[in-house]
Amino acid sequence: MELVRWWRQPKSIPMVLLSVLLAGSALAQTAPSPVENTMARYLTGRVAQNAGDWAAAARNLGTVLRDDPENAGLLRRTFLLNLGEGNYTEAVALARRAREQESQSYIASLMVIADDLKQGKAADAAARLETLPADGLSQFVTPLLGAWVDVARGDKEAGLKRLRALNANDGFAIMQQLQIALIEDLRDNREAAALHYTAATERGAPLRLTMLIGNFHERAGNKEAARRIYQRYQRENPGTLAVDEALARLDKGAPAPARLVANASDGLGEALFEMSAALYQENAQEMALLYGRLSLFLDPGQPLMRLTLGDTLAARQRYADALTEFAAVKGSSGLTWASRLRQAEMLRQLGRRDEAIKLLTAMAAEKPTRVDALLQLGDMHRMAREPKPALAAYEQAVSRIAKPAAADWAVFYARGMVLDTLGDWKRAETDLKTALSLSPEQASVLNYLGYSYIDRGISLDEGRGLIEKALALRPHDGFIMDSLGWAKFKQGDFHGAVELLEQAVELEPMDPSISDHLGDVYWALGRKQEARFQWTRAAQQADNEGLRKSAQIKLKDGLATPITAAAPN
């Protein structure tokens, strides 16, 4: 199966060559040749692709493809770019061309089969199934695909038989159970559907699964079973709005909603959504994006797929595209609320802070009992080093908490950090301890409080204990390693400190405070040249004026009051 290898190509695109090709005609005062134009377009497309601008890449490579229509590799690349951008008309046309050329593109085959199902051409889709490979990821995707093609042909029993092929892989057990449940539901076999829906919740019930099962029970007239599944999600996700409308519908005795998966096309879209979500969780972002686009091609109204697709694009730092996806989310107020919070973050990432602040302020006023918009607003100010407006947002959030619960730890942690920045350590310490009492296993709070003790030279043993607990929870976190290394340094264990700080600087090479700490330890060990190298890095990288000046002073004078090494045990 194709693994989208072209996304993995090195990013050392020959920019000099590109600039020469683009500027060559001006230098020679002659019109560029067709070959030069084609090469320039190709290189421009590749540069755009590697820079994350897939829209420009698709345009430029599409132009090159028109000049070289038999180039199978270029055809596959251009198809994948158009699919990734959601240019479905162009993507379908390119996928069909790839199939005609017998190009080895599994994703193109999926696109064609999905289009066949949308057009009601189940027989054509079934014929294409026979040509698909049965290795790699395709050995699990093809049974899902084939099952829904069988359903489209009117043979639900054959579809169920195909799904049994997934028994061999435990990782697909939940997906298998859900697909079986959906098919049994479609053929009105309620007893079997209920059995398989329940089996699908063996490892938990995420939102989409909750909505599918609740929808099934509502349609079957089992309102209390629906209520239990919605309330379970509510208990496991404190503060969620996602199931509020469903519960309100049950309270009012309103009619059951329509099926969420009404036909084979919807069913395949659901299977592809599950694949996309699983790939995203495994950090396979490119493949998650492609499967997500295929899912939306089949079911463009699926709001959770929009949210997942937006998250995938945001993870790839394609913030404008993510914003578009989040803004397109429709459906329940709970989902649109989540999408608006994400929109605010994308606006911040795009440098549109005024719009983000306006949105979050409006949301906070809209729901006067919730704290999430205020917390995000405070975080936005805090990250911009605006502690006073950050504190105002956090204070308002805390005022809305009648009885603090475990989920409220983040509000107290955030307010504690800002109070510390503003010099009010007494209140900051209280907030940090409150955050830990609400959620004792939060590594970030343990580390912050522990480091604060160490850096102030108070409660050194307690501080070190907090940091050690944090590191046990997140053993590969460079910032927590730095804290523990600093604690050992403060306690005179220079050799233990240098070992941890060297690991920390490898994990976080661009953090100036870690470099500064390592410089101090090197100096204490008599490794003065290495110390000055680390202080130089700290001075160059620091965007904090106090840290920069401190590093510059040490570069000139060394450590003013060196710490004495602890006596050996």
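The values are calculated or read from the model by the stated rules, or taken from the named source; none is laboratory data. Because the structure is a prediction, the values reported are computed rather than measured. Cβ: placed from backbone, ideal geometry, glycine included. Neighbour counts: every protein chain shown. For accessibility, only protein heavy atoms count, side chains too; no ligands or nucleic acids. Shrake-Rupley method; radii C 1.70, N 1.55, O 1.52, S 1.80 Å.
The table below lists the values:
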quantity	calculated
Kirkwood-based Rg to Rh ratio, the range 30-170, C-alpha trace	1.09
List VAL371, VAL418, ordered by accessible area with a 1.4 Å probe, largest first	VAL371, VAL418
Per-q log10 I(q)/I(0), the range 391-492, q = 0.16, 0.23 Å⁻¹ (Debye; single scatterer per alpha-carbon; no solvent)	-0.66, -1.17
Length released on extending from GLN540 to THR421, taking residue separation times 0.36 nm less the Cα-Cα span	40.6 nm
Cα pair distances of the range 301-420 binned at 10 Å [whole percent]	14, 40, 35, 10, 0
Nitroxide proxy distance, nm - points 7 Å out along Cα→Cβ at ALA123 and GLN503	6.6
Point-charge dipole on Cβ atoms (K/R +1, D/E -1) for the chain, about Cα centre, debye to 20	840
Sparse-neighbour loop sites [GluC sites (Glu not before Pro); the range 197-261; at most 13 other C-beta within 10 Å; DSSP]	GLU202
Amide proton proximity set for ASP493, modelled H, under 5 Å, gap of 5+	ALA566
On Cα atoms only, tilt of 15-28 relative to the major axis of the chain in degrees	70
Neighbour cut-off at most 12 other Cβ (10 Å), DSSP loop, GluC sites (Glu not before Pro), the range 494-553	none
Full-stretch length increase - SER333, LEU559 - with 0.36 nm per residue and alpha-carbon distance subtracted	75.6 nm
Label-point gap, in nm, between GLU157 and ASP244 - each point 7 angstrom along Cα→Cβ	4.8
In Hz, Karplus ³J(HN,Hα) per residue of the range 62-68 (6.51, -1.76, 1.60; θ = phi - 60°; x = Gly, Pro)	x, 5, 5, 4, 5, 7, 9
Portion, in percent, of the accessible area of the range 161-277 that falls on carbon or sulfur, probe 1.4 Å	48
Carbon plus sulfur fraction of accessible area for the range 32-146, probe 1.4 Å, in percent	49
0 to 90° range, to nearest 10: angle between helix 425-438 axis and the chain longest Cα axis	40
Helix 528-541 vs. the chain, principal-axis angle (Cα, 0 to 90°, nearest 10)	60
Long-range lysine pairs (8 or more apart or interchain), the range 480-569, Cα under 20 Å	6
Contact order relative to length of the range 332-377, as percent, for alpha carbon pairs under 8 angstrom and 6 or more apart	30
Length added when fully stretched, LYS252-ASN237, from 0.36 nm per residue minus Cα-Cα	3.1 nm
Candidates per trypsin sites (Lys or Arg not before Pro) in the range 60-167, loop by DSSP, up to 16 other Cβ within 10 Å	LYS121, ARG153
Relative pair counts by distance (%), Cα atoms of the chain, 20 Å bins	17, 40, 34, 9, 0
Accessible-area composition of the range 344-395, carbon plus sulfur, in percent [1.4 Å probe]	55
For the chain: accessible area per residue (Å², 1.4 Å)	47
Using alpha carbons only: equivalent-ellipsoid semi-axes of the range 143-273, gyration tensor based, whole Å	26, 16, 12
